[in-house]
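The values are calculated or read from the model by the stated rules, or taken from the named source; none is laboratory data. It should be emphasised that the depicted structure is a prediction, and the values quoted were computed from it without experimental measurement. Here Cβ is always computed from backbone atoms with ideal geometry, including for glycine, and neighbour counts include all displayed protein chains. Surface areas here come from the heavy atoms of the whole protein model, side chains and all, with no ligands, DNA or RNA. Shrake-Rupley method; radii C 1.70, N 1.55, O 1.52, S 1.80 Å.
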Amino acid sequence: MIDPLVLAAPLALLPKIPVGKWASNVVDWLIGHAVWFFDGLSEGVTALIDAILWVLQTPPSLVVIAVFALLAWVIQRSWATVAFVIIGFLFILNQGYWEETTETLTLVLCAVIVCMGVGVPIGIAAAHRPRLYAALRPVLDLMQTLPTFVYLIPAIVFFGIGMVPGLIATAIFVVPAPIRLTHLGIVSTPKELKEAGLAFGATPSQLLRKVELPYAAPQIMAGLTQTIMLSLSMVVIAALVGAEGLGVPVVRALNTVNTALGFEAGLVIVVLAIILDRVFRREK
């Protein structure tokens, strides 16, 4: 039997493919030629973050809790869900993490706006253009499998420290979910429904609005839920680049080996995740 090491020996003699150097050159080129774009993007994202923070932090906490309870009732029509939302937020308030929770909610809401605003149109376009989706698929796989810490390096270079690089890294990691689920919902529309719409004289845009999107709505809502949950899972990683929120006490607890602080912050993140899941989950 031939030793695998013997077979691999010639490969060791080949020159190393400079993948890292190529990536570094691309980043350097972008720094030199696209600073205007990243500065404008940073200002726009900062304005969005500040606006949502103002909405969540300016009113009294009980008013914000009441608004979320009303939202839970409008979406779910369940008193049990409303009660859980109220109890969950009161628990967070009791633990003293209200400000951090609003900062995390800001990161999540911004990620939802960016990812759904980008992901749904791309998913629709990919559903109508199989070649486009075939080209997008390896890119989406790369975005979801590449370690998120790798995103943080260029994010820091382009946007500095703070909420913006955390949001950018979160969006890159999360946006494949709405793209894939929107694509799945549109391509799953029965052929008979499309043919019926065309038989009644529907234009492509009318077919999309009145047939494909209503049929794909459960999948798109699943994409929204996935976007929320994946964004929330990034709060600790975002804290490593200066993003405020519930990830900060978790990182602090890790650095100081503070079990009590880590358990408190971790439990608050879990409660917030369950609240958002119960409010936005679409029952079948």
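Structure notes:
- Shape of the chain, Cα gyration tensor, a/c cut at 1.5: oblate
- Each label point was placed 7 Å from the Cα along the Cα-to-Cβ direction; for residue 74 and residue 16 their separation is 5.6 nm.
- Once the Cβ-Cβ distance of residue 67 and residue 43 is raised to the sixth power relative to R0 = 35 Å, the FRET efficiency obtained is 0.80.
- For the peptides 16-26, 155-165, 46-56, the ranking by packing is 155-165, 46-56, 16-26, with the highest mean count of neighbouring Cβ atoms within 10 Å listed first.
- Peptide packing for 235-241, 114-120 was compared via the average number of neighbouring C-beta atoms within 10 Å per residue; ordered from the highest value, the list is 235-241, 114-120.
- CD proxy at 222 nm, helix term only [per DSSP H run n ≥ 4: -39500 (n - 2.57); per residue of the chain; nearest 500]: -27000 deg cm²/dmol
- Within the accessible surface of segment 125-284, defined with a 1.4 Å probe on protein heavy atoms only, the carbon and sulfur portion equals 67 percent.
- Computed FRET value (nearest 0.05) for residue 191 with residue 129, which takes r as the C-beta separation and R₀ as 25 Å: 0.90
- Separation in nanometres of the label points that stand 7 Å from Cα toward Cβ, at residue 255 and residue 113: 2.9 nm
- 1.4 Å probe accessible area per residue over segment 111-248, in Å²: 46 Å²
- Cα-based shape type of segment 47-117, given that a ≥ b ≥ c are square roots of the gyration tensor eigenvalues and the cut on a/c is 1.5: oblate
- Listed residue (230, 168, 186) projecting farthest to the positive dipole end of the chain, Cβ model: 186
- Residue 35/residue 270 FRET efficiency (R0 35 Å; Cβ-Cβ; nearest 0.05): 0.30
- Table column - 3J(HN,Hα) (Hz), segment 77-92, Karplus curve with 6.51, -1.76, 1.60, x for Gly and Pro: 6, 9, 5, 5, 5, 4, 5, 5, 4, 5, 5, x, 5, 5, 5, 4
- Tensor-based shape of segment 16-63 (alpha-carbon gyration tensor, a/c under 1.5 rounded, otherwise prolate or oblate): oblate
- Close lysine pairs were tallied over the chain: pairs 8 or more places apart or on different chains with Cα atoms under 25 Å apart number 5.
- The 1.4 Å probe gives accessible areas that order 103, 195, 43, largest first, as 43, 195, 103.
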